[in-house]
Amino acid sequence: MEKVKTDKREFIKYSTLGVLGLVLGGGMVFSPYVLRAENRLRPPGAVDEKKFLALCIKCGQCLQVCPYHSIKLADFLSGHGVGTPYIDADERGCYACSAVPCVLACPSGALDHHTEKPEDIKMGIAVLEFPDTCLAMTNTPIPKGYNKQMHKFTNSVVNIHELEVELLEKFDSFEDKECTLCADMCPIPNPMSAIAMVSDSGGGNRPEIYDGCIGCGACQEVCPTTIASIVVKPRVTYEEYYLNKK
């Protein structure tokens, strides 16, 4: 009987040490994710990152009220900040709802309630990161079937909102046409203040970003190239990226 108890204690001890080792090892293995978590695209109204992590109570209210299913919660692989909301613009950008419901739903102040309308949102700034792949710059029509990813994402959600249906209908109308998706799908009330297609020296057109860009990530989501040609730099302002580089 004593041997059974001893064996049991040994099992518990080494099992616990094993789990602890995995956790610590995981921290080392996933350390790049810890750094990446500092630069996530946060929902509209998100305060300074350190303050955001301190204030967010991980309630998920912002996620629940988002009609576009844009907001996700960070998991264990995301490093610190597990349970905090973020947006993966490769899957679904923010579509700048007029009443900004995610901000209204936040009970802790992690999303600043002074963000009352789309123009108040400052999530980051769009950048033509890979101009060589931009379809507009090479006058390449939008390929058929390019919209499968957006349909796949929408079909994966349980409660599709009517706003998502409208978004899909607009998105589908661009197939086999000249690519202007990033500009035409910009969700803010005055999209010309944020992005426009301008003539390029190579004979095509290219997206040009203006100071009205709120960094919502919609342009990154709808870009039809395998790796989005245009991406959002989280928590970077227009002045920091465009004006300071001149």
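Are any of the residues in the stretch 55-70 in contact with a helix residue (DSSP H, G or I) (Cβ under 8 Å, 6 or more places away or on another chain) and under 22 Å from TYR238 (Cβ atoms)? No, every residue in the stretch 55-70 fails to be in contact with a helix residue (DSSP H, G or I) (Cβ under 8 Å, 6 or more places away or on another chain) and under 22 Å from TYR238 (Cβ atoms). Determine the pairs where a residue that is among the aromatic types (Phe, Trp, Tyr), located within the stretch 104-132, has a partner that is assigned to a loop (DSSP other than H, G, I, E, B) and open to solvent by less than 50 Å² (accessible area, probe 1.4 Å) with Cβ atoms under 8 Å apart, the partner being 6 or more residues away or on another chain. So the pair list comes out as PHE130/THR225; PHE130/ALA228; PHE130/SER229.
Kindly establish whether PRO189 is farther than 18 Å from LYS122 by Cα and assigned to a loop (DSSP other than H, G, I, E, B). Against the criterion (farther than 18 Å from LYS122 by Cα and assigned to a loop (DSSP other than H, G, I, E, B)), PRO189 does not qualify. Identify, from the list GLY83, GLY109, the residue that is farther than 18 Å from GLU162 by Cβ, part of a loop (DSSP other than H, G, I, E, B), out of contact with any helix residue (DSSP H, G or I) (no Cβ under 7 Å at 6 or more places or on another chain) and not acidic (Asp, Glu). Going through GLY83, GLY109 in turn, the sole match is GLY83. Filtering the stretch 47-77 to residues that are charged (D, E, K, R) and either within 21 Å of CYS219 (Cβ to Cβ) or crowded, with 16+ Cβ neighbours inside 10 Å (or both) leaves GLU49, LYS72. I want to confirm something. Restricting to the stretch 173-189 and keeping residues that are open to solvent by 50 Å² or more (accessible area, probe 1.4 Å) and in contact (Cβ under 8 Å) with a residue 24 or more places away in the chain, which single residue is nearest to SER229 (Cα to Cα)? So, considering only residues that are open to solvent by 50 Å² or more (accessible area, probe 1.4 Å) and in contact (Cβ under 8 Å) with a residue 24 or more places away in the chain, the one nearest to SER229 (Cα to Cα) is GLU178. When VAL127, VAL157 are checked against the criterion of being aliphatic (A, V, I, L, M) and exposed (fewer than 15 other Cβ atoms within 10 Å of the Cβ), a single residue qualifies: VAL157.
Scanning the stretch 149-205 for residues that are in contact with a Pro (Cβ under 7 Å, 6 or more places away or on another chain) and of a type in the set (Lys, Arg) yields one hit, LYS177. Annotation: of all residues in the stretch 78-94 being surrounded by fewer than 22 Cβ atoms within 10 Å (Cβ to Cβ) and farther than 21 Å from LYS50 by Cβ, the one that is nearest to the chain's Cα centre (by Cα) is ASP88. Within the stretch 138-166, residues that are within 14 Å of ASP176 (Cβ to Cβ) reach partners that are assigned to a helix (DSSP H, G or I) and not charged (D, E, K, R) with beta carbons closer than 9 Å, at six or more positions or on different chains, in the pairs ILE142/LEU181; TYR146/LEU181; ASN147/LEU168; ASN147/PHE171; ASN147/VAL222. Taking the criterion of being under 12 Å from PRO131 (Cβ atoms), surrounded by fewer than 20 Cβ atoms within 10 Å (Cβ to Cβ) and in contact (Cβ under 8 Å) with a residue 24 or more places away in the chain, the residues of the stretch 203-219 that qualify are GLY204, ARG206. For the stretch 95-111, enumerate the residues that are surrounded by fewer than 19 Cβ atoms within 10 Å (Cβ to Cβ) and in contact with a strand residue (DSSP E or B) (Cβ under 9 Å, 6 or more places away or on another chain). Selection gives LEU104, ALA105. From LYS170, LYS144, which residue is open to solvent by 80 Å² or more (accessible area, probe 1.4 Å) and either in a loop (DSSP other than H, G, I, E, B) or among the aromatic types (Phe, Trp, Tyr) (or both)? Exactly one residue qualifies, and that residue is LYS144.
The values are calculated or read from the model by the stated rules, or taken from the named source; none is laboratory data. Since the model is a prediction, treat every value here as computed from it, not as a measurement. As a convention, Cβ positions derive from the backbone with ideal geometry for all residues, glycine included, and neighbour counts pool all protein chains shown. Just the protein is used for accessible areas: all its heavy atoms, side chains included, with ligands, DNA and RNA removed. Shrake-Rupley method; radii C 1.70, N 1.55, O 1.52, S 1.80 Å.
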